[in-house]
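Asks: Mind having a look at this structure? Questions to follow.
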Amino acid sequence: MSVYNSGRKKVLIAMRYKYCPECGAKLTEILSGDEGITPYCEACGKRWFDTFQSCVIVLTYNEFDEVVLARQGYLSDKYASFTSGYMTPGETAEETALREVREELGIELESLEYAGTYWFAAKDMLMHGFIGFTRKKKLHLSQEVDSAEWVNALDAPKTMFPDGPGNSAYAIYRKFLKMRGLNPAT
C-alpha cells in the first residue's frame, strides 16, 4: 500500500504495480491523460492501473420486514452485520451477492436490488451494496458464520456495527427503511 500525489489530491492506493505482472519487467511511469501518471511496461506496451479489492454487502429481508444479521468471530465478538464477501474474477457484483447469501446463509434470494457503491477506506475496498428479498425460511449457516438470525428491521441497529464513516451497512439500511416506508423511533 502506498500514497502518491495525483496532482489534485493525495490518494491512498491498495495496490500500485512496480513490476509488470505479465513479463516481470520493472515498470516506468507514463502520463495517461486525465488519469495522471500510471505505471507502464515498455516491453509489453501496457499501462498497469492501480487496483483494489471489490466486495459485496447484502441486506437480506423477508415479507415480515425482518433482516438477517450475522456474526462472524473474525470480524467481531460483539457486533453483527449483513452478508458480505469478495468478488472473484469473472463474477459480476450481482452474481457475487447471490453466491455469498447462498454460501453463508444457505438460502436463495428471490429478488436483488442494487443499493450503490461505498468506499471502505479502512480496508481499501469498494463495496457494492444490495438489498435482497426472500420469503422467511430457515437459515443454514456456513462454517464461516458463527450465528445469524432474522430480526425486526427496526431493531437491527441494536446489534449492528456502530454507524460511522465508511460503514456501508448503515447507508444500505437507511435505503431499505425508506424503500419499505419504515420509520425508526427517534
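The values are calculated or read from the model by the stated rules, or taken from the named source; none is laboratory data. Bear in mind the structure is a predicted one, so any value in this text is a computation, not a measurement. Because the Cβ atoms are built from the backbone with ideal geometry, glycine has one as well, and the counts that use them run over all protein chains shown.
Asks: In region 144-169, what residues are aromatic (Phe, Trp, Tyr) and at pLDDT below 95?
Replies: Selection gives Phe161 alone.
Asks: So Ala121 fits all but one of (1) loosely packed, with under 14 Cβ neighbours inside 10 Å; (2) over 30 Å from Asp50 (Cα atoms); (3) aliphatic (A, V, I, L, M); what number is the exception?
Replies: It fails just one condition, (2).
Asks: Next question, about the same structure. Against the conditions (1) part of a helix (DSSP H, G or I); (2) under 20 Å from the mean Cα position of the chain (by Cα); (3) surrounded by fewer than 16 Cβ atoms within 10 Å (Cβ to Cβ), where does Glu144 fall short? Just the number, please.
Replies: (1)
Asks: List the residue pairs whose Cβ atoms are under 7 Å apart, where the first residue sits in region 135-148 and is among the charged types (D, E, K, R), the second is loosely packed, with under 14 Cβ neighbours inside 10 Å and at pLDDT below 95, and the two are 6 or more positions apart or on different chains.
Replies: Final answer for the pair search is Asp146/Gly73.
Asks: Is region 75-85 home to any residue that is within 24 Å of Arg135 (Cα to Cα), touching a residue at least 60 places away in the same chain (Cβ under 8 Å) and among the aliphatic types (A, V, I, L, M)?
Replies: yes
Asks: I would also like to ask the following. Could you check region 69-98 and list, in sequence order, the residues that are more than 19 Å from Tyr114 (Cβ to Cβ) and not hydroxyl-bearing (Ser, Thr, Tyr)?
Replies: Leu69, Ala70, Arg71, Gln72, Gly73, Leu75, Asp77, Lys78, Ala80, Pro89, Gly90
Asks: Another question about this same structure. Does Glu108 count as touching a helix residue (DSSP H, G or I) at 6+ places or on another chain (Cβ under 9 Å) and either surrounded by 12 or more Cβ atoms within 10 Å (Cβ to Cβ) or in contact (Cβ under 8 Å) with a residue 12 or more places away in the chain (or both)?
Replies: yes
Asks: Further question on the same structure: Does any residue of region 148-161 turn out to be crowded, with 17+ Cβ neighbours inside 10 Å and within 17 Å of the chain's Cα centre (by Cα)?
Replies: yes
Asks: Please indicate, with yes or no, whether at least one residue in region 122-138 is assigned to a loop (DSSP other than H, G, I, E, B) and farther than 21 Å from Asp65 by Cβ.
Replies: Scanning region 122-138 turns up at least one residue that is assigned to a loop (DSSP other than H, G, I, E, B) and farther than 21 Å from Asp65 by Cβ.
Asks: For region 50-68, which positions are outside any strand (DSSP E or B) and either closer than 20 Å to Thr117 by Cα or not assigned by TED's automatic domain parsing to the domain that holds Tyr170 (or both)?
Replies: If the condition is that a residue be outside any strand (DSSP E or B) and either closer than 20 Å to Thr117 by Cα or not assigned by TED's automatic domain parsing to the domain that holds Tyr170 (or both), then Asp50, Phe52 are the ones that fit.
Asks: Go through region 147-176 and count every residue that is in a helix (DSSP H, G or I) and either β-branched (Val, Ile, Thr) or outside the structural domain of Arg102 (by TED's automatic domain parsing) (or both).
Replies: The number of residues fulfilling the criteria is 1.
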